[in-house]
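Taking it in order: structure first as structure tokens, then the write-up.
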Amino acid sequence: MLALTIACFLGARLLGERGARRDSERRAEVAAAQIRGRVEQAASLTESLRRFMVGVAGRGVTNQEFESNASRWLSPAGLPAAAWVEQVPASRRATYERQIGHPVVTRDRRGRIASVGSRSSYLPATLVSGVPPTAVPGIDLGGESGMAAALARASALQDTRATPLATLRDGTKGLFLVTWAPRVTGGVVEPGFVVVFLSDLWLRAAATDTAPLQLTVGGTAKGHPDGAATASNAFVQAGQRFDVAVRQESVQGAAAALPWIILAAGLVLAGLAGALGVNAERRARAQEELDRIFTFSSDLITVADFDGHFTRVNPAAERVLGYTADELLARPYLDLVHPDDREKTAAEAASVGHGKTTMSFENRFARKDGSYKVLEWTATPVVEDGVMYGVARDVTERREAEAELGRLADEQAALRRVATLVVRGVPAAGVFSAVAEELERLFDAQATMIGRLEPDGTMAIVASTGTARDQMPVGSRLTLGSGMVLARVIRTGRSARVEDYSDASGFLGQVTQRTGIRCSVAVPIMVGGSLWGSMGAGTVRRQFPADTEQRMAEFTELVGTAISNIQARLDLAASRARIVAASDETRRQIERDLHDGAQQRLTHTVITLKMARRALATGDDDAPGLVGEALAHAEQATVELRELVHGILPPVLTRGGLRPAVESLTNRMPVPVEVTLPVDRLPPPVEATAYFVVAEALTNVVKHSGARHATVDARLDDGHLQLQVRDDGIGGARPEGGGFVGLADRLAVLDGRLRVESPTDGGTLVAADIPVPV
């Protein structure tokens, strides 16, 4: 009995200590699993932020966009501090500070912003979320513990890496997740990294059901501060070892008293029963903790048999999918899977049934309201029991964000392709065709069309794709009926859509029936502030997304720019042709004037002088008369040359400027002209152009207006010469007349503009705006 009592005493103590140790180890294991889940969540969000940085090309990510996405994705998870950092050598520090508009700074131990001293290189945050320790752009993270090693590993492996858990300069304790994330701006790749800060308190808060614990990351595991024995568990995540230690509880209660009861009373059977009772209680408590994790987990936890039915689900399944537990257990789970995902889901379930462990598998599950959730599954089979255990995380928002980024990238690429055609001066037909094809591809449309509004109210088709190519080929004319979406755009000048053509009749009904189009969207094309035409797309689906009109409008701006560029080129060519023709005509006129006038006079002068020389040689008395005649011809030639030069550019303009030249011009007018020219000398090209504007306008006053009075007014305003000639005549002058067109061309050479206002019986105003170079 003594030996049996001692054996029972020692056995009871060993059982109690082992139970306490296992209980502590289980708590450490649960705490490590919870912290690991939180680190995995942070790594997944860091990867999403990296994909966002890499996916936005062309203009690059701005700080506002980075802050907005970081706030939307990270803040709900409790991770508000994030940044995009660059490695900047000391030689580029000044250039970098000018580029971002902020100095490279750090935080002192009081948390205040301070300048960074000289060092060989820096790691400033170019884009920040605005939350410490990434509160301001330019904050230098290069001196944080383990950051250099994490950057090197992230660059080499292009994976998310973690720094050790350490205390930052401002006293905050935590670690950084670092991942390689280059940014593309204007076609240039800017190397950099996305960093997300995980505070020590945020990591510890994951262990909700565990007493205070000791967490070590990237260093030597530490024991309990007061030297007590600990139970620990470790895992590796993001390239760092995470050690979680909890204090090992001592044997308490009945387990501690049992050995002494056995010794004192010798009641072996009672002592053994008590020991078994204590162990059973602890097992029940451990089971209760596991049940609590099952109940309160935010992820779906399921148990399913190999016949395709759930046998148990946790409450998160009801929160995510909207079904009650009984509804989920009552039907095969494949019924809830999206039809397009059922085949691969069944194949994956069969593989799990044969013993395969699935680490990551995605499919779409239907919610009770008809929408779908994207779930990422991890499944482990227990073949001997014929069941599989699965954990699913809702990644719907992440996948939607990735899909949106992909869609934006596709749209930006399409816009760049069309913009390239516009910049290269591709003919309008090529731009129209490219835009129609891009719309068909981006919006998954079965028909697209671009039409130009004609003066008779019809629409000329300039581009079409899909089923619209057969019904409305390029070059055809379309009569706009009341039910057409294009007619609504032309009538209102705004975007429009038709959701259902089932009641359409006549020509519209025939077209929609042949093409199968059920919904269409159209947007206006504006050129120079006026409605030029419309662009539309049709689909056989139920409807287009709500933002289709806004997305299509970006292409109409490019179409309008292409049309404006083509018209500008045509106007420029016509203007150049008119200038060349005017120059040729002026040259021919000068040649005729010289030939018919001064040239003939000079020829007569030479002939007469030769006759005078012969008369002098022979002693003829006609010599003086011939010399006088030659002199008269020479003087007349001089007068005619002077008048010809005056017609090109009056000398008074060259010598005195615009004011005396205009006054000389108005002095010869048959009607009174009031002149107000409070300006000094101007550059010669400006004075000559202004003079010809006044001369042409006053010529029209004399020839056509029947005016009794006219005014000439000029003033300098903000570097521009504002010139106006106004009369009180009958009006009706046509701006497209030859004289005004010539003036417009002359003004265009100086980047000036001409405006003619001439209402019937309202007089005429000729106004010119001429930039004056400094």
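The values are calculated or read from the model by the stated rules, or taken from the named source; none is laboratory data. From a predicted model like this one, the values you see are computed outputs, not experimental measurements. Quick reminder, even Gly has a Cβ in these numbers, built from the backbone with ideal geometry, and neighbours come from all protein chains shown. Ligands, DNA and RNA are excluded from the accessible area calculation, which covers all protein heavy atoms including side chains. Shrake-Rupley method; radii C 1.70, N 1.55, O 1.52, S 1.80 Å.
Regarding Ala690, is this residue modelled with pLDDT of 80 or more, under 15 Å from Ala768 (Cβ atoms) and small (Gly, Ala, Ser)? Walk me through it before giving the result.
Details: modelled with pLDDT of 80 or more: yes; under 15 Å from Ala768 (Cβ atoms): yes; small (Gly, Ala, Ser): yes.
Criteria met by Ala690.
Checking the conditions here, which among Ser371, Ser351 is modelled with pLDDT of 85 or more and within 20 Å of Ser298 (Cβ to Cβ)?
Numbers: Ser351 fails: within 20 Å of Ser298 (Cβ to Cβ).
Residue meeting the stated conditions: Ser371.
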Problem - Lone qualifier among Arg319, Arg283, Arg312 - being in a helix (DSSP H, G or I) and either farther than 17 Å from Val374 by Cβ or in contact with a Lys or Arg (Cβ under 6 Å, 6 or more places away or on another chain) (or both) - result: Arg283
Completion exercise
Scanning the range 239-259 residue by residue, the ones that are open to solvent by 90 Å² or more (accessible area, probe 1.4 Å) and modelled with pLDDT of 75 or more total 2
Fill in the blank from the handout: Selection from the range 68-96 of residues in a loop (DSSP other than H, G, I, E, B) and surrounded by fewer than 17 Cβ atoms within 10 Å (Cβ to Cβ) yields Gly78, Gln87
Completion exercise
Selection from the range 427-456 of residues open to solvent by 40 Å² or more (accessible area, probe 1.4 Å) and more than 23 Å from Ala546 (Cα to Cα) yields Pro427, Ala429, Ser433, Arg452, Leu453, Pro455, Asp456
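Residue by residue through the range 127-145, note down the ones that are in a loop (DSSP other than H, G, I, E, B), open to solvent by 30 Å² or more (accessible area, probe 1.4 Å) and not polar (S, T, N, Q).
Of the range 127-145, the ones in a loop (DSSP other than H, G, I, E, B) are 129-130, 132-133, 135-138, 141-145.
Still in the running and open to solvent by 30 Å² or more (accessible area, probe 1.4 Å): 130, 132, 136, 142-143, 145.
Gly130, Pro132, Val136, Gly142, Gly143 - these are the residues of the range 127-145 that are in a loop (DSSP other than H, G, I, E, B), open to solvent by 30 Å² or more (accessible area, probe 1.4 Å) and not polar (S, T, N, Q).
Go through Leu716, Leu698 for me and flag whichever is surrounded by 21 or more Cβ atoms within 10 Å (Cβ to Cβ), at pLDDT 85 or above and of a type outside the set (D, E, K, R). Lay out the reasoning, then the answer.
Details: Leu716 fails: surrounded by 21 or more Cβ atoms within 10 Å (Cβ to Cβ).
Being surrounded by 21 or more Cβ atoms within 10 Å (Cβ to Cβ), at pLDDT 85 or above and of a type outside the set (D, E, K, R) holds for just one of Leu716, Leu698, which is Leu698.
Please indicate, with yes or no, whether at least one residue in the range 455-478 is of a type in the set (Val, Ile, Thr), farther than 20 Å from Arg518 by Cβ and under 31 Å from the mean Cα position of the chain (by Cα).
Filtering the range 455-478 for residues of a type in the set (Val, Ile, Thr) gives 458, 461-462, 465, 467, 474.
From what is left, the residues that are farther than 20 Å from Arg518 by Cβ are 458, 461-462, 474.
Now drop any that are not under 31 Å from the mean Cα position of the chain (by Cα), which leaves 462.
Yes: one or more hits.
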Exercise for the section: Give me a count of the residues in the range 759-771 that are among the β-branched types (Val, Ile, Thr) and either in contact with a Phe, Trp or Tyr (Cβ under 9 Å, 6 or more places away or on another chain) or free of Cβ contacts under 8 Å to residues at least 40 places away in the same chain (or both). Expected result: 2
Problem - When residues of the range 737-758 are limited to those that are in contact (Cβ under 8 Å) with a residue 12 or more places away in the chain and part of a strand (DSSP E or B), the one surrounded by the fewest Cβ atoms within 10 Å (Cβ to Cβ) - result: Arg755
Handout entry: Residue that is farthest from the chain's Cα centre (by Cα), among those in the range 689-736 that are of a type in the set (D, E, K, R), in a loop (DSSP other than H, G, I, E, B) and farther than 15 Å from Arg755 by Cα
Key = Arg708
Exercise for the section: Check the range 622-637 and report whether any residue there is open to solvent by less than 70 Å² (accessible area, probe 1.4 Å) and modelled with pLDDT under 70. Expected result: yes
Exercise for the section: Name every residue in the range 479-501 that is modelled with pLDDT of 80 or more and either surrounded by 19 or more Cβ atoms within 10 Å (Cβ to Cβ) or part of a helix (DSSP H, G or I) (or both), in order of residue number. Expected result: Arg488, Val489, Ile490, Arg491, Thr492, Ser495, Ala496, Arg497, Val498
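A quick yes/no check of all residues on (1) open to solvent by 40 Å² or more (accessible area, probe 1.4 Å); (2) touching a residue at least 40 places away in the same chain (Cβ under 8 Å); (3) part of a helix (DSSP H, G or I); (4) β-branched (Val, Ile, Thr):
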{"site": "Thr5", "(1), (2), (3), (4)": "no, yes, yes, yes"}
{"site": "Gly11", "(1), (2), (3), (4)": "no, yes, yes, no"}
{"site": "Leu14", "(1), (2), (3), (4)": "yes, no, yes, no"}
{"site": "Glu25", "(1), (2), (3), (4)": "yes, yes, yes, no"}
{"site": "Ala28", "(1), (2), (3), (4)": "no, yes, yes, no"}
{"site": "Ala31", "(1), (2), (3), (4)": "no, yes, yes, no"}
{"site": "Ala42", "(1), (2), (3), (4)": "no, yes, yes, no"}
{"site": "Arg51", "(1), (2), (3), (4)": "yes, yes, yes, no"}
{"site": "Phe66", "(1), (2), (3), (4)": "no, yes, yes, no"}
Practice task
Return yes or no: is Thr603 of a type in the set (Ser, Thr, Tyr), modelled with pLDDT under 60, in a helix (DSSP H, G or I) and open to solvent by 60 Å² or more (accessible area, probe 1.4 Å)?
Solution key: no
Fill in the blank from the handout: When (1) of a type in the set (Val, Ile, Thr); (2) buried (at least 22 other Cβ atoms within 10 Å of the Cβ); (3) modelled with pLDDT of 80 or more are applied to Ile517, the one that fails is (3)
Handout entry: Thr676, sole failed condition from (1) crowded, with 19+ Cβ neighbours inside 10 Å; (2) closer than 20 Å to Val652 by Cβ; (3) not aromatic (Phe, Trp, Tyr)
Key = (1)
Practice task
Would you check if there is a residue in the range 343-361 being of a type in the set (Gly, Ala, Ser) and crowded, with 17+ Cβ neighbours inside 10 Å?
Solution key: yes
Handout entry: Answer residue from the range 152-184, given it is open to solvent by less than 10 Å² (accessible area, probe 1.4 Å) and under 29 Å from the mean Cα position of the chain (by Cα) and is nearest to Gln237 (Cα to Cα) among those
Key = Leu177
